[in-house]
Amino acid sequence: MNALSRRSLLRGSVAAAGLLSLAACRSAAESSSPAASASPRRGGTLTVATSIDFTPSLLFAQSANTLVQRLVFNTLTRYDDQLQPQPELALSWKLADDGKSITFELREDVRFHNGRPFTADDVIFAVKNLQNPVRSAQLRSTAATVTDFRKNGDHELTLVLAHPVSNLFDLFEFMIITDPATVEDAVAGKQLIGTGPFRFGERKPGASIGFTRNDTYWNPGRPYLDAVEIRVIPQADSLLSSLKTGQSQLSYSVQGKDIATLKGDPQFRITPYDTGAGAYYIGVNVTAEHVGDKRVRQAIAWAVDRERLVQQALGGYGLASSAPWPKSSPAYSDAGATHYRHDPAKARELLKAAGLDTITLPFAHSATPEGVATAQILQYDLKQVGIETVLQPTDSPTMQKQLISQTMPALWTLSHGFAQLHPATLAVSAYPFNEARNSSLFSSPAYTDVVQRAWNRADADGAEAKALYRQITDTLLDEEFVIDIAIAGEIEVATAKVRGATLNKFNYLDLDDAYLTA
């Protein structure tokens, strides 16, 4: 098989696309459940509890809340658990042997919620929309490689690329197809018009968003639910109470320590996603005082007790790791994951070598309960080696904007995605790691060179590609402008009546097949 064979051609019939099973994206926990085979039941309203409100201006970025995108919109393709693209709005595709063009055959039975037919022009707009820097889309660099569009009628389209990219289908998993005429209303939060299973209803900022069933959805018989309500509940105790009392039936925002209290309770199903779609880290602004010296950044990496954080902040749901990659990634290695251990003496040695005894640094973190708990644990660890920190709790939309605008303080802690996809995506797309423009203001010709070589290729899994991933990992571990702590995927907490909910690789909530049992 040539290097392109795994992704170059996939032919899917209309029926295969319409009835596409997404069970592979879920943990084995649900598929092994006796109730998972129950016949789907139509009707009802599913209430989803989240701790963070939807930010319309970040609709085209992977932000802290990605529950809305796949309810209203569709993507061209959808990964299965082996990162093999499957049909969604694209029925089939052919990637050229040189990796510099791809031709899509699009579905002809799709309409937007306003009744307008979906055509190739909508895909052209979606790509150009992500190329627009105003959208702050993490995969903008990949979208920007598309230099030309060649239509053959309304439902066949060829994208011409400036050069091959190893993460092309990551773009098609990420890129939601929006209605061009109403896109500005969408980013203002006024209306969302897509082709997805639910229509946007009423939005009460800071409180809730409602959606109703799209009766003209292209996927036959879907969705099963009549409606979906997303309720914003910032307080951890209140969110947990909402689930326990049945006011909400589904959440991906329950803290790890609270999840532990639900184990063994028959009214709940706890389903960890094993894709490693999230990673907890300390970010470092390398232009700030003291931390411009990489020995100080390495000292921080040695000071952190990753295992304790996984147990106390994440309830044991996570993998302590000093590299960003989940075990499913071709870039993962045991050596990378264990490169930094909890060694306060080593941390103090490095600080001394940098001419420092004690220092004080500002330390921003999310104001969510989990964000506060994580920051306090890290603050304690750093204090033990002489690094005092001043905690700065910040709301999630503000932190996201600071990441994008490169205005973070000396230290911050958040979680990042993108390591669960093709490895080059992390280094050309994620705000903390982007080789061209990252949140840490870190720049290195060597880092840029190895990232570009890993990205500018069609082969993402061969021996040469993996060697480049090792070089990227080595650079990250040496420079430590991003100090990874733990790899953790989303954890679904659902009442026993909820079936069929799933997430894509970008944590977009997919309720096509979701239903409520009697």
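The values are calculated or read from the model by the stated rules, or taken from the named source; none is laboratory data. Keep in mind that what you see is a predicted model, and the values were worked out from it rather than measured. Backbone-built Cβ (ideal geometry, glycine too); neighbour counts: all protein chains shown. In case anyone asks, the SASA skips ligands and DNA or RNA and just uses the protein heavy atoms, side chains included. Shrake-Rupley method; radii C 1.70, N 1.55, O 1.52, S 1.80 Å.
Just give me the residues in segment 340-359 being open to solvent by 80 Å² or more (accessible area, probe 1.4 Å) and either more than 30 Å from Thr407 (Cβ to Cβ) or touching a Ser or Thr at 6+ places or on another chain (Cβ under 7 Å) (or both), in sequence order.
Hits for segment 340-359 are Arg341, His342, Arg348, Glu349, Lys352.
Filter segment 265-297 down to residues that are under 17 Å from the mean Cα position of the chain (by Cα) and under 27 Å from Glu388 (Cβ atoms) and give me whichever is surrounded by the fewest Cβ atoms within 10 Å (Cβ to Cβ).
Tyr281
Surrounded by 22 or more Cβ atoms within 10 Å (Cβ to Cβ) and under 18 Å from Ala299 (Cα atoms): does that describe Ala331?
no
Checking the conditions here, which among Thr195, Thr145 is without any contact (Cβ under 8 Å) to a residue 24 or more places away in the chain and open to solvent by less than 10 Å² (accessible area, probe 1.4 Å)?
From the options Thr195, Thr145, the qualifying one is Thr145.
Based on what the data block shows, is Thr103 closer than 30 Å to Ala427 by Cβ, surrounded by 14 or more Cβ atoms within 10 Å (Cβ to Cβ) and not hydrophobic (A, V, I, L, M, F, W, C)?
Yes, satisfied.
If you take the residues in segment 33-53 that are of a type in the set (Gly, Ala, Ser) and at pLDDT below 90, which one is farthest from Arg199 (Cα to Cα)?
So the residue we want is Ser33.
Within segment 202-215, how many residues are under 20 Å from Gly44 (Cβ atoms), in contact with a strand residue (DSSP E or B) (Cβ under 6 Å, 6 or more places away or on another chain), in contact (Cβ under 8 Å) with a residue 12 or more places away in the chain and not hydrophobic (A, V, I, L, M, F, W, C)? Spell out the reasoning first.
To start, the set of residues in segment 202-215 that are under 20 Å from Gly44 (Cβ atoms) comprises 202, 208-215.
Going one step further and asking which of them are in contact with a strand residue (DSSP E or B) (Cβ under 6 Å, 6 or more places away or on another chain), we end up with 202, 208-212, 214.
Next, only the ones that are in contact (Cβ under 8 Å) with a residue 12 or more places away in the chain stay: 208-212, 214.
Still in the running and not hydrophobic (A, V, I, L, M, F, W, C): 208, 210, 212, 214.
Summing the residues that are under 20 Å from Gly44 (Cβ atoms), in contact with a strand residue (DSSP E or B) (Cβ under 6 Å, 6 or more places away or on another chain), in contact (Cβ under 8 Å) with a residue 12 or more places away in the chain and not hydrophobic (A, V, I, L, M, F, W, C) in segment 202-215 gives 4.
Within segment 233-245, take every residue that is open to solvent by 40 Å² or more (accessible area, probe 1.4 Å) and in contact (Cβ under 8 Å) with a residue 40 or more places away in the chain and give me the one that is farthest from Asn507 (Cα to Cα).
So, considering only residues that are open to solvent by 40 Å² or more (accessible area, probe 1.4 Å) and in contact (Cβ under 8 Å) with a residue 40 or more places away in the chain, the one farthest from Asn507 (Cα to Cα) is Gln235.
Is it the case that segment 363-384 has a residue that's of a type in the set (D, E, K, R), part of a loop (DSSP other than H, G, I, E, B) and more than 21 Å from the chain's Cα centre (by Cα)? Walk me through it before giving the result.
Of all residues in segment 363-384, those of a type in the set (D, E, K, R) come to 370, 381, 383.
Imposing the further condition that a residue be part of a loop (DSSP other than H, G, I, E, B) reduces the set to none.
No, segment 363-384 contains no residue that is of a type in the set (D, E, K, R), part of a loop (DSSP other than H, G, I, E, B) and more than 21 Å from the chain's Cα centre (by Cα).
So for segment 384-395 (the condition being over 30 Å from Leu262 (Cβ atoms), open to solvent by 50 Å² or more (accessible area, probe 1.4 Å) and touching a His at 6+ places or on another chain (Cβ under 8 Å)), does at least one residue qualify?
yes
Restricting attention to strands (runs of 3 or more DSSP E) lying wholly within segment 84-197, give those where 2 or more residues are small (Gly, Ala, Ser).
So the answer is 90-95.
When you go through (1) among the small types (Gly, Ala, Ser); (2) part of a helix (DSSP H, G or I); (3) surrounded by 23 or more Cβ atoms within 10 Å (Cβ to Cβ) one by one for Ala446, which number turns out not to apply?
So the condition that Ala446 fails would be (3).
Residues being under 20 Å from Val228 (Cβ atoms), aliphatic (A, V, I, L, M) and open to solvent by less than 10 Å² (accessible area, probe 1.4 Å): count how many of those fall in segment 59-80.
4
Conditions tested, residue by residue: (1) under 28 Å from Leu91 (Cα atoms); (2) open to solvent by 20 Å² or more (accessible area, probe 1.4 Å); (3) of a type in the set (S, T, N, Q).
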position	(1), (2), (3)
Gly201	no, yes, no
Pro205	no, yes, no
Arg213	yes, yes, no
Val228	yes, no, no
Arg231	no, yes, no
Ser251	no, no, yes
Gly256	no, no, no
Ala260	no, yes, no
Lys263	no, yes, no
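With (1) open to solvent by 30 Å² or more (accessible area, probe 1.4 Å); (2) in contact with a strand residue (DSSP E or B) (Cβ under 9 Å, 6 or more places away or on another chain); (3) over 22 Å from Gly318 (Cα atoms); (4) of a type in the set (Ser, Thr, Tyr) as the list, and Ser440 as the residue in question, which single condition is left unmet?
Unmet condition: (1).
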